[in-house]
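Below is one structure, written out as structure tokens; the observations come after it.
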């Protein structure tokens, strides 16, 4: 009675969830009811629902528990109750990954899927596909083929989708059932047609010619299903991306703009604007379709259109200007997401004069939109700042106001990023930006962001007009924040002290106070900086306070090597490759997509790991760390029988050529694969490491180790290469080679160039003072060479000249000198780097533009006269 | 049990439902036998090797049978025991022409008889010596000796030569099983 009362009270509390407070063990206990005869369908359905609810709530079932429940559930097949049976299918799908021996229900399911009850058939197919493993596939294949061509669309769809799922078990399922899928493609049902197309594509996915054939055949027939038409457009786009100049496909996509289904029209428009290669004129029809959608009654269509326009506005602002009027109307849209996108699109396309008005309008509703769209607004402002540098004051104020609002880490980080980007691009904005950021960290709950801003203050603050004003902000952090922020603040203080001697005594007082901190890291840092800064001021301490950005794993490995060596020579830090810095995109548009995740290891480090696993290379690796790895060079056309790509790894005295080979012939097995090279003058082949076995479609790698010539001038060379191997015929399906002996064969590859850039790399010191280093070079006995060139006809702009020069020489631009001011006719590019073997190179290129021809005066200073000569001679 | 159920039971109106388990080595004819018990219009035309199990229903003399037609493939024989607990009768199929695997059948039978869910129960077992039409098939007498059936003392059992393809011998066999089940389970209640 007592419990009854309580139940009643709970009911009064507002119904609530009937499945609340369930115990897994009790429910599994109840599942024993399944074994009763006769089966009580209502009771069992209720218990089964409970089990499904538990699993979907994330409750973990053990293998034994799941198996027990599963076998009890199989008893329910004796009931003819439709609801219970369909619940059983769901149960099978949920339990099949956990329970053992699930194939026991195969026969029962095949009976249901071929039976008369239509309500069972589709669901039974889907359940069957989850329990099937590779061994069972043969047994059900016949039924699946029948089901694909079944009259009932639900059954046919279920079978088609299931066969897509089954491809994860057996790769060639789709190909074996392609005939049935082809037949299903002619179905009247929209879904069946769509799913059949999916299966057909899956079957041909790896074979580009087959896809081309399929698409060109289907584009001629008109698809009745809008879903299938959308898919066809996507397939066509993928083909267009891979090969250009296929006018037929482009015409097809364009013709879809006149389709009767809105979905297809949108898909086609979206595809056209995203093609990347289209010109403004080609975009016009797609844009006008999107413009029509902007006035649609359906919010989904308006949203889709404005979102797409927003993206196009980044690459083709001119094309979108036609829609400005429609977009203005959408600013007042009741749907805030649409309004935000409309406004940010206008910001991208609009003129400088309208910026103020639009910003005011955004401010009215910025608090009402979600973080995700606030980020979109921030990105639009960032693009705007780059477009109209003069407007930075208005935009900065707006950003700082946004910083003060509530928001998540991602949103705040986006704002901070934007402020930083604006500061970098525009020196006028620097002071204001730093002030805003200082204000922000006063009240910032995101530790990672605070640390980042403190780091930035330490870097940029000392060079500002009045460095002392930042000290207070930074020291406040030391008093108020958690340990990691305090540690960052201590480092920032030390940087000020190192860069601004007048502040040194005051900061030393602050740092000595920090030595009483409760956290180890903070105390350690404070003590370290105190000790360094108290010594006589001297430019060398700067690098101890602001260490160059070296890659940590390489440094660790090099130090390990050094410790195990006799340690007679001092440790050479220039051997260590710099950490990779993310290149800011140089275009004025910032892409809205998420920034590429920076990998933990640089390219060199990942290659180093890979090379270290080849025992034969240990000899080379032990002498010096990997100096530089070149980008991948293709030595074959991408569609030939054998595919060879090369990566050149430079060491101090050795060049390791890594050839990644791929065999695309399914009826051949290659053995003892090597890339034979004719060593050019001065080079010496140390040894080759062949790839013992190269099976169809499995990548293999062979290495060739060369010794660089003594004379650095001879190191730039062209190497003819040939692929040599022992070919054996094999069975295309199993890959087992025929018994007979193979035959030797060879295959001509393209020539491989060893360039200057392969042997040169940047130092990774962004903050390096070029003039000081340049002058110091003269006193340190660097040899200097100077020459004047007229650059070739292909280079017509200063930016182009800078880019090609940096790429060609392999040096790194310092002091951000790779950014050319717009409309400038002259520019000075400052370059720094290291030649293999630790030879420093500095270069200054004075560029002048006249009648779209670039003249360059190049001065090179290097610790090795040969290297300096090599640099100048390789430009000419 | 509800009042209505009890009343129905007294008057003998209640449907009598029993579970029977159909086991035996693969290719001995289990699914074919069950197919024959079903009504004419429900029968399948072609029988394929069972994977896992099938549940089939048929009625005989007002007793409704739910037959668990287990797969006889050696991979799935371990699954038989999941159904031992709640069955009221066992039909054990033997391919009487397969002399070679008679020892395998004996082994499976012994394992079945010694299973904890079977050992103490008085459960009727019907042996069907199938494929009697084949020339080299063993007689029931030889099978009794070969399988050691005379050692089964605590359970009623019966062996019958059958031909599942044309149904010969099945009728009297299922009649025996029905009577046994009626005696042991239904009349006792």
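The values are calculated or read from the model by the stated rules, or taken from the named source; none is laboratory data. Please read these numbers as outputs of a predicted model, since none were measured by experiment. Positions of Cβ are backbone-derived with ideal geometry, glycine not excepted, and every protein chain shown enters the neighbour counts.
In this structure, does residue A:108 turn out to be modelled with pLDDT under 90, in contact with a strand residue (DSSP E or B) (Cβ under 7 Å, 6 or more places away or on another chain) and within 12 Å of chain B (Cβ to nearest Cβ)? In short, yes. For region B:155-166, the count of residues that are assigned to a loop (DSSP other than H, G, I, E, B) and within 14 Å of chain A (Cβ to nearest Cβ) is zero.
Does residue A:159 fit the bill of being within 11 Å of chain B (Cβ to nearest Cβ) and either part of a loop (DSSP other than H, G, I, E, B) or modelled with pLDDT of 90 or more (or both)? No: the conditions fail for residue A:159.
Sort through B:118, B:90 and tell me the only one that's away from chain A (no Cβ under 11 Å), under 26 Å from residue A:36 (Cβ atoms) and assigned to a helix (DSSP H, G or I). Quick ask: steps written out before the conclusion?
Details: B:90 fails: assigned to a helix (DSSP H, G or I).
So the residue among B:118, B:90 that is away from chain A (no Cβ under 11 Å), under 26 Å from residue A:36 (Cβ atoms) and assigned to a helix (DSSP H, G or I) is B:118.
When you look at residue A:492, is it surrounded by 20 or more Cβ atoms within 10 Å (Cβ to Cβ), in contact with a helix residue (DSSP H, G or I) (Cβ under 7 Å, 6 or more places away or on another chain) and over 14 Å from residue A:521 (Cβ atoms), yes or no? So residue A:492 passes the test. If you check A:239, A:283, A:232, A:290 for being at pLDDT below 85 and at negative phi, only one passes: A:283. Residues that are in a helix (DSSP H, G or I) and in contact with a helix residue (DSSP H, G or I) (Cβ under 6 Å, 6 or more places away or on another chain) were ranked within region A:75-84; the one that is nearest to the other protein chains (Cβ to nearest Cβ) is A:77.
Every condition in (1) touching a residue at least 60 places away in the same chain (Cβ under 8 Å); (2) touching a strand residue (DSSP E or B) at 6+ places or on another chain (Cβ under 6 Å); (3) more than 10 Å from every other protein chain (Cβ to nearest Cβ) is met by residue B:98 except one, and the failing one is (2).
Filter region B:64-79 down to the residues that are more than 10 Å from chain A (Cβ to nearest Cβ) and surrounded by 22 or more Cβ atoms within 10 Å (Cβ to Cβ), then identify the one that is nearest to residue A:110 (Cα to Cα). Let's see the steps before the verdict.
Within region B:64-79, the first condition is being more than 10 Å from chain A (Cβ to nearest Cβ), and the residues that meet it are B:65, B:72-74, B:77.
Adding the requirement that they be surrounded by 22 or more Cβ atoms within 10 Å (Cβ to Cβ) leaves B:65, B:72.
Values: B:65: 22, B:72: 17 Å.
Step by step, filter region B:64-79, then rank; the result is B:72.
Inclusion of residue A:89 among residues that are under 43 Å from the mean Cα position of the chain (by Cα), more than 10 Å from chain B (Cβ to nearest Cβ), part of a helix (DSSP H, G or I) and without any contact (Cβ under 8 Å) to a residue 60 or more places away in the chain is warranted. Residues that are part of a helix (DSSP H, G or I) and out of contact with any helix residue (DSSP H, G or I) (no Cβ under 8 Å at 6 or more places or on another chain) within region A:856-873 comprise A:865, A:868, A:872, listed in sequence order. Just so you know, in region A:820-855 the residues that are in a loop (DSSP other than H, G, I, E, B), free of Cβ contacts under 8 Å to residues at least 24 places away in the same chain and in contact with a strand residue (DSSP E or B) (Cβ under 9 Å, 6 or more places away or on another chain) include one that is surrounded by the fewest Cβ atoms within 10 Å (Cβ to Cβ), and it is A:821.
Suppose the filter is free of Cβ contacts under 8 Å to residues at least 24 places away in the same chain and under 13 Å from residue A:326 (Cβ atoms); does residue A:292 pass it?
It is true that residue A:292 is free of Cβ contacts under 8 Å to residues at least 24 places away in the same chain and under 13 Å from residue A:326 (Cβ atoms).
Return yes or no: is residue B:95 under 22 Å from residue B:147 (Cβ atoms) and surrounded by fewer than 20 Cβ atoms within 10 Å (Cβ to Cβ)? So residue B:95 does not fit the description; no. Would you mention how many residues in region A:75-89 are out of contact with any strand residue (DSSP E or B) (no Cβ under 7 Å at 6 or more places or on another chain) and either on the phi > 0 side of the Ramachandran plot or buried (at least 19 other Cβ atoms within 10 Å of the Cβ) (or both)? Of the residues in that region, 8 qualify. Residues in region A:453-469: is at least one over 27 Å from residue A:428 (Cβ atoms) and buried (at least 18 other Cβ atoms within 10 Å of the Cβ)? For region A:453-469, residues over 27 Å from residue A:428 (Cβ atoms) and buried (at least 18 other Cβ atoms within 10 Å of the Cβ): absent.
Please go through region B:51-80 and give me each residue that is touching a residue at least 24 places away in the same chain (Cβ under 8 Å) and in a loop (DSSP other than H, G, I, E, B), ordered by number.
Here is the first cut: in region B:51-80, the residues touching a residue at least 24 places away in the same chain (Cβ under 8 Å) are B:51-53, B:58, B:60-74, B:76-77, B:79-80.
Those that are touching a residue at least 24 places away in the same chain (Cβ under 8 Å) and in a loop (DSSP other than H, G, I, E, B): B:51, B:52, B:61, B:62, B:71, B:72, B:73, B:74, B:76.
The set of residues in region B:34-57 that are more than 12 Å from every other protein chain (Cβ to nearest Cβ) and touching a helix residue (DSSP H, G or I) at 6+ places or on another chain (Cβ under 7 Å) comprises B:36, B:37, B:43.
Scanning for something surrounded by 15 or more Cβ atoms within 10 Å (Cβ to Cβ) and either within 10 Å of another protein chain (Cβ to nearest Cβ) or under 16 Å from residue A:109 (Cβ atoms) (or both), does region A:50-68 turn up at least one residue? Even if it seems obvious, please write down each step before you answer.
To start, the set of residues in region A:50-68 that are surrounded by 15 or more Cβ atoms within 10 Å (Cβ to Cβ) comprises A:50-55, A:61, A:65-68.
After this cut, where a residue has to be either within 10 Å of another protein chain (Cβ to nearest Cβ) or under 16 Å from residue A:109 (Cβ atoms) (or both) as well, the list is A:67-68.
Within region A:50-68, one or more residues are surrounded by 15 or more Cβ atoms within 10 Å (Cβ to Cβ) and either within 10 Å of another protein chain (Cβ to nearest Cβ) or under 16 Å from residue A:109 (Cβ atoms) (or both).
Within region A:124-143, identify whether any single residue is part of a loop (DSSP other than H, G, I, E, B), within 11 Å of chain B (Cβ to nearest Cβ), under 17 Å from residue A:79 (Cα atoms) and out of contact with any strand residue (DSSP E or B) (no Cβ under 8 Å at 6 or more places or on another chain), and answer yes or no.
Just the residues of region A:124-143 that are part of a loop (DSSP other than H, G, I, E, B), to begin with: A:132-136.
With within 11 Å of chain B (Cβ to nearest Cβ) added as a condition, the list becomes A:132, A:135-136.
Checking which are under 17 Å from residue A:79 (Cα atoms) leaves us with none.
Checked against the condition, which is being part of a loop (DSSP other than H, G, I, E, B), within 11 Å of chain B (Cβ to nearest Cβ), under 17 Å from residue A:79 (Cα atoms) and out of contact with any strand residue (DSSP E or B) (no Cβ under 8 Å at 6 or more places or on another chain), region A:124-143 yields no hits at all.
A count restricted to region A:620-633 and to residues that are free of Cβ contacts under 8 Å to residues at least 60 places away in the same chain and part of a strand (DSSP E or B) stands at 1. Being under 29 Å from residue B:184 (Cα atoms), within 11 Å of chain A (Cβ to nearest Cβ) and at pLDDT 90 or above is true of residue B:31.
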